[in-house]
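Single-structure report; data block below.
The values are calculated or read from the model by the stated rules, or taken from the named source; none is laboratory data. Owing to the predicted nature of the structure, the values given are computational and were not obtained by experimental measurement. When we count neighbours, we look across all protein chains shown, and the Cβ atoms used for this are built from the backbone with ideal geometry, even at glycine. For accessibility, only protein heavy atoms count, side chains too; no ligands or nucleic acids. Shrake-Rupley method; radii C 1.70, N 1.55, O 1.52, S 1.80 Å.
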Amino acid sequence: MNIFRRMNRAGNKKPEPEMRPAAPEEQDVKPELSHTLNEFKDCADLVHQSLPDKGVHFIFIGHLIGLEAFAREITVPFENASPDDIAQVLGRSQYREIGDSKTLIKDILDGSVAIFHDGRAYAINLCKPETRSIQQSETEAVINGPHDSFNESAITNLSLIRRRVKSAQLKIARLEVGEVTKTEVYVLYIVGIANMEYVNEMSRRIQNIEVDAVHDGNMLVQIIDDQPNSVFPLFPTTERVDSAVSRLTAGRILVVMDGSPSVISAPASFFEFFSSPDDYYQRWMLGTGLRILRFAALIVTITFTALYVAVTTFHYEMIPEDLLLTLTESRSKVPFPPIYEALLMELTIELLREAGARLPTKIGQTIGIVGGIVIGQAAVQAGLTSNILIIAVASSAIASFVIPSYVMSASIRLIRFGLIIMSGMLGVLGLMMSLALIIIHLSGLTSLKSSYLTPVAPNKLSDWKDIFVRAPFWMLRTRPTQSKSPNKVKNKMRE
């Protein structure tokens, strides 16, 4: 799907633009009925109604209009008015006179009804498209706390945030992306809390996007990334309202995109992907235990299988004697080196995971459980793998599910293959070299020009109380230093 036409942002090369027929220059002409109908020629969803005896014509997109509002604002007033009273009806505040055709066409596409009378054009916004109801997020499990989540309507999502943040200091800036789709994007921040340098930088990056279409917030973050070629996600996305609001009040910036249930927050740190809103809805000792468990799961999912390959290939002396006998017996029938054995099983696990995600829910759960048991047992009996490797691969897979962020979990699973290959080539030395390269890479990443390893690099001990542990609330009275600012930078978004 070739959606990108060109991109102009610092740090990215601009691809050659595609050759396409030149479009005629748009001019601000006076809106006329015939010109508007010609612009929407061959649009089957366009509705054209008229009252010939009163000289009034209505043009709108049928599925964008609320029927009740149309009856209240259009049908009743104009059918009950006499021809001489039409001008008086159109003089009401809800009807806006439009002076150019370009603005009128945009209003129609935004859900307004265009009204033509006596050579003039008016518009009234009656937009009420069908949207998904507010439900619980299917991608972010809720154990404790609110169950409402964002949907594909930006207006609905903004109302959910406004309902929780009842402050005039919450500012919302409206932008557009997509030269064809003209998708609405809203940047949210709280004056006096958010760092205006980050607000202006986020606004600049979104305004500099030059593409034909952006369909989802997860696509948008890939375009505005500081390092788009990194495997690690630099901007977290969430569908949970409570998670988005907590980041907003902590000084983060939110980006809400129409048509996407994923709300972006920035700037972010690597450690933010290992926290969950549920940590704050239970006792602080339980929340701390879960945080530590997630970081332990990170170590297990990255190193467990790679360590098995390194030890069984180069470092048998590291294995206790009793375990060595069991391992030797288990691998006696396996014809492959440990690296091929591990890659085969890891690939099988990923195939089962992807199949379970793509199939319907009930079938997906069945294929994951049955497939894992049947294939694992059959592989051992056929001599393709050892029992201990099955345990290592299964433990790594289970540990990856502990990480709350799906995009971070997927990135770590991809990295695991590289560590297995390096361990198979150089043993523990290759594993340590790989981990060192990962840390070096993380140290060089930035999120909205902010260090990705904050508060470890640069070291901010005051923020550690909400990174590796979840301290009691009486200790969480200061905002993260990553978003804290004296706010001496002028807000360029209002200029």
Open item on the list: For the range 177-194, give me the residue count where each residue is charged (D, E, K, R) and either modelled with pLDDT of 90 or more or open to solvent by less than 60 Å² (accessible area, probe 1.4 Å) (or both).
Closed with: 1
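The rows are residues; the columns are (1) closer than 30 Å to Gly217 by Cβ; (2) free of Cβ contacts under 8 Å to residues at least 12 places away in the same chain; (3) crowded, with 17+ Cβ neighbours inside 10 Å.
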| residue | (1), (2), (3) |
| --- | --- |
| Ile375 | no, no, yes |
| Ala382 | no, yes, no |
| Val402 | yes, no, yes |
| Ile412 | yes, no, yes |
| Phe417 | yes, no, no |
| Met433 | no, yes, no |
| Ala436 | no, yes, no |
| His441 | yes, no, no |
- [ ] Just give me the residues in the range 190-202 being more than 17 Å from the chain's Cα centre (by Cα) and not in a strand (DSSP E or B), in sequence order.
- [x] Val191, Gly192, Ile193, Ala194, Asn195, Met196, Glu197, Tyr198, Val199, Asn200, Glu201
Task: strands (runs of 3 or more DSSP E) within the range 21-136 that include 2 or more residues open to solvent by 80 Å² or more (accessible area, probe 1.4 Å), of a type outside the set (Ser, Thr, Tyr) and in contact (Cβ under 8 Å) with a residue 12 or more places away in the chain - done: 96-98, 120-125
- [ ] Take the residues in the range 233-257 that are farther than 19 Å from Val199 by Cα and open to solvent by 10 Å² or more (accessible area, probe 1.4 Å), then tell me which one is farthest from the chain's Cα centre (by Cα).
- [x] Asp242
Open item on the list: Of everything in the range 210-225, what is acidic (Asp, Glu) and open to solvent by less than 40 Å² (accessible area, probe 1.4 Å)? Give them in sequence order.
Closed with: Asp212, Asp216, Asp225
TODO: Could you please find all residues in the range 144-170 being farther than 16 Å from Glu239 by Cβ and touching a helix residue (DSSP H, G or I) at 6+ places or on another chain (Cβ under 8 Å)?
DONE: Asn144, Val165, Leu170
TODO: Kindly list the number of the only condition in (1) surrounded by fewer than 21 Cβ atoms within 10 Å (Cβ to Cβ); (2) in a helix (DSSP H, G or I); (3) charged (D, E, K, R) that fails for Lys333.
DONE: (2)
Open item on the list: I'd like to know if the range 314-323 contains one or more residues that are over 30 Å from Lys465 (Cβ atoms) and open to solvent by less than 20 Å² (accessible area, probe 1.4 Å).
Closed with: no
Open item on the list: Restricting to the range 154-176, and then to whatever is of a type in the set (S, T, N, Q) and open to solvent by 20 Å² or more (accessible area, probe 1.4 Å), can you tell me which residue is nearest to Gly217 (Cα to Cα)?
Closed with: Thr156
Open item on the list: Out of everything in the range 459-485 that is part of a loop (DSSP other than H, G, I, E, B) and open to solvent by 70 Å² or more (accessible area, probe 1.4 Å), what residue ends up being modelled with the lowest pLDDT?
Closed with: Lys484
